[in-house]
Amino acid sequence: MSTYARQPVAFARGQGVWLWDEAGKKYLDALAGIAVNTLGHNHPRLVRALSEQITRIIHSSNLFRVPMQEAAADRIAEITGLDEVFFCNSGLEANECALKVARKYGHDRGVAEPAIIVMENAFHGRSLATLSATGNRKVQAGFEPLVQGFVRVPLNDLEAVRQVATHNRNVVAVFIEPIQGEGGINVARLDYLRGLKEICDRHEWLFMSDEVQCGLGRTGKWFVYQHAGFQPDVVPLAKGLGSGVPVGACVTGGRAKGVFKPGNHGSTFGGNPLAMTAVVTTIDTMREEGLLANAMKVGEAIRDGLTAALAGVPGVNEVRGRGLMLGVELNRPCGALVASALEAGLVINVTAENVIRMLPALVMSEVEGREVVERLVPLVREFLAQPAMPARAAAAH
Ligand code: PLP
């Protein structure tokens, strides 16, 4: 189906943070498959582990014990500090599971029509439930009727949440991306997250942190909630969890522990030995190679470099983000920059129409980080030097 407006480039191979297209042209990859290739391309340890696993067994079934799934769950419990893991195959599935946990939690407490607080500009996926939770009309349009039971508030506005708490007795959970990715690298303030957690505790709501894009070491800690210093109840994961092998996970603890019983949820492919090998190898390699500290260091180098080089450039609104989750907001739609970056041998993304987004692999070196800045800055300057396109032409772009 023609669901994507694709760039006319096909990548044939990759090494670390470098990609080569079919014609042999080399690119610096500052996107990593939209926050997926945690260990970069062709990491020898991941390639070896997956190759060996394929020769043993690729898939059995969740009707039987899957030892590699148990190993992956143990690793995830360690890094999240939570207790239970359900494995699936994508971010929307992890979120779908989280939404079901919240509803079941509500029903178990006698709430017949449980409601979940969600945020404006959030993105949670494209299934019916997750697009209904998503705070973007473009994602929802044409797919009504939406799934009911979501109450939307602006990000970073605690008073709005307090208002809902006073008027809506059906609320059972808050569902938040602590750094909105698709929405434009919008960072929830840490004091806001702590305040939100306090409200959740007061009302015995679940705190559900969608870390599908921002989690897994990208911000310099395993998870964004760890910067705020508390434990949520539900954490959906996917994207970087398997370094490129499709895998998702919904992790529960606190008030959400034990909510699901046998028969409440399932997945044929979820937790298969191949994907679980990718999870175990990704987490072990991240630990051994110190990739959290690296993400922090290289992220700061890129951010500082961009901030300095773009300071005072008319049309640059803000450079923001944390670790290797970075955005440059311009004062106009800038989707055209993706093609000019490819031309210049750089892979980036533009989201929310006017935010250049970078989500490189966590193995990126400081030298490579500086190279991202050196390649991007002239493109941004050149783009902003052109007269701004009229709004309608830009939207069609
Ligand atoms: N949640 C967040 C925060 C995401 O960024 C995404 C994808 O961009 C999803 C959920 C959906 O993940 P998937 O595309 O794997 O279904």
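The values are calculated or read from the model by the stated rules, or taken from the named source; none is laboratory data. All values reported here derive from a predicted model rather than from experimental measurement. Neighbour counts run over all protein chains shown; Cβ positions are idealised from the backbone, glycine included. These area figures cover heavy atoms from the full protein model, side chains too; ligands, DNA and RNA do not enter into them. Shrake-Rupley method; radii C 1.70, N 1.55, O 1.52, S 1.80 Å.
The set of residues from region 130-168 being open to solvent by 50 Å² or more (accessible area, probe 1.4 Å) and either outside any loop (DSSP other than H, G, I, E, B) or of a type in the set (Gly, Ala, Ser) (or both) comprises ARG137, LYS138, ALA141, GLY142, ARG152, GLU159, ARG162, GLN163, THR166, HIS167.
The residue that is nearest to the ligand (Cβ to nearest atom), among those in region 219-240 that are surrounded by 24 or more Cβ atoms within 10 Å (Cβ to Cβ) and among the aliphatic types (A, V, I, L, M), is ALA238.
The rows are residues; the columns are (1) in a helix (DSSP H, G or I); (2) β-branched (Val, Ile, Thr); (3) modelled with pLDDT under 95; (4) closer than 28 Å to VAL338 by Cα.
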site	(1), (2), (3), (4)
GLY14	no, no, no, yes
ILE34	yes, yes, no, yes
GLN69	yes, no, no, no
ILE79	yes, yes, no, no
ASN95	yes, no, no, no
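When you scan region 59-68, do you find a residue that is over 24 Å from the mean Cα position of the chain (by Cα), among the β-branched types (Val, Ile, Thr) and open to solvent by 70 Å² or more (accessible area, probe 1.4 Å), even just one? No, region 59-68 contains no residue that is over 24 Å from the mean Cα position of the chain (by Cα), among the β-branched types (Val, Ile, Thr) and open to solvent by 70 Å² or more (accessible area, probe 1.4 Å).
Examine region 357-366 for a residue that is touching a residue at least 60 places away in the same chain (Cβ under 8 Å), part of a helix (DSSP H, G or I) and open to solvent by 20 Å² or more (accessible area, probe 1.4 Å), and state whether such a residue exists. Scanning region 357-366 turns up at least one residue that is touching a residue at least 60 places away in the same chain (Cβ under 8 Å), part of a helix (DSSP H, G or I) and open to solvent by 20 Å² or more (accessible area, probe 1.4 Å). Taking the numbered list (1) within 30 Å of ARG375 (Cβ to Cβ); (2) open to solvent by 60 Å² or more (accessible area, probe 1.4 Å); (3) outside any helix (DSSP H, G or I) in turn, THR38 passes all entries but (2).
Tally up the residues in region 79-96 that are closer than 17 Å to ALA256 by Cα and away from the ligand (no atom under 12 Å from the Cβ), please. Qualifying residue count, region 79-96: 8. Tally time: how many residues in region 254-282 are among the aliphatic types (A, V, I, L, M) and touching a Leu at 6+ places or on another chain (Cβ under 8 Å)? Number of matching residues: 4.
For ASN95, the test of being open to solvent by 10 Å² or more (accessible area, probe 1.4 Å), within 24 Å of VAL187 (Cβ to Cβ) and touching a residue at least 24 places away in the same chain (Cβ under 8 Å) is failed. Evaluation of THR252 against the conditions (1) within 30 Å of ASP108 (Cα to Cα); (2) surrounded by 18 or more Cβ atoms within 10 Å (Cβ to Cβ); (3) of a type in the set (Ser, Thr, Tyr); (4) out of contact with any strand residue (DSSP E or B) (no Cβ under 8 Å at 6 or more places or on another chain) shows that the sole unmet condition is (4).
Does region 193-214 contain at least one residue that is buried (at least 24 other Cβ atoms within 10 Å of the Cβ), within 16 Å of the ligand (Cβ to nearest atom), under 20 Å from the mean Cα position of the chain (by Cα) and of a type in the set (D, E, K, R)? Yes, some residue in region 193-214 is buried (at least 24 other Cβ atoms within 10 Å of the Cβ), within 16 Å of the ligand (Cβ to nearest atom), under 20 Å from the mean Cα position of the chain (by Cα) and of a type in the set (D, E, K, R). In the condition set (1) surrounded by fewer than 22 Cβ atoms within 10 Å (Cβ to Cβ); (2) in contact with a Lys or Arg (Cβ under 8 Å, 6 or more places away or on another chain); (3) outside any helix (DSSP H, G or I), GLY327 is compliant with all but (1). If you filter region 14-35 down to residues that are under 26 Å from MET325 (Cβ atoms) and open to solvent by 50 Å² or more (accessible area, probe 1.4 Å), you find that the one that is farthest from the chain's Cα centre (by Cα) is LYS26. The residues of region 97-128 that are within 16 Å of the ligand (Cβ to nearest atom), part of a loop (DSSP other than H, G, I, E, B) and among the basic types (Lys, Arg) amount to a single one, ARG126. One residue alone among VAL151, VAL172, VAL161 is over 17 Å from ALA228 (Cβ atoms), away from the ligand (no atom under 16 Å from the Cβ), hydrophobic (A, V, I, L, M, F, W, C) and in contact (Cβ under 8 Å) with a residue 40 or more places away in the chain, and that residue is VAL172.
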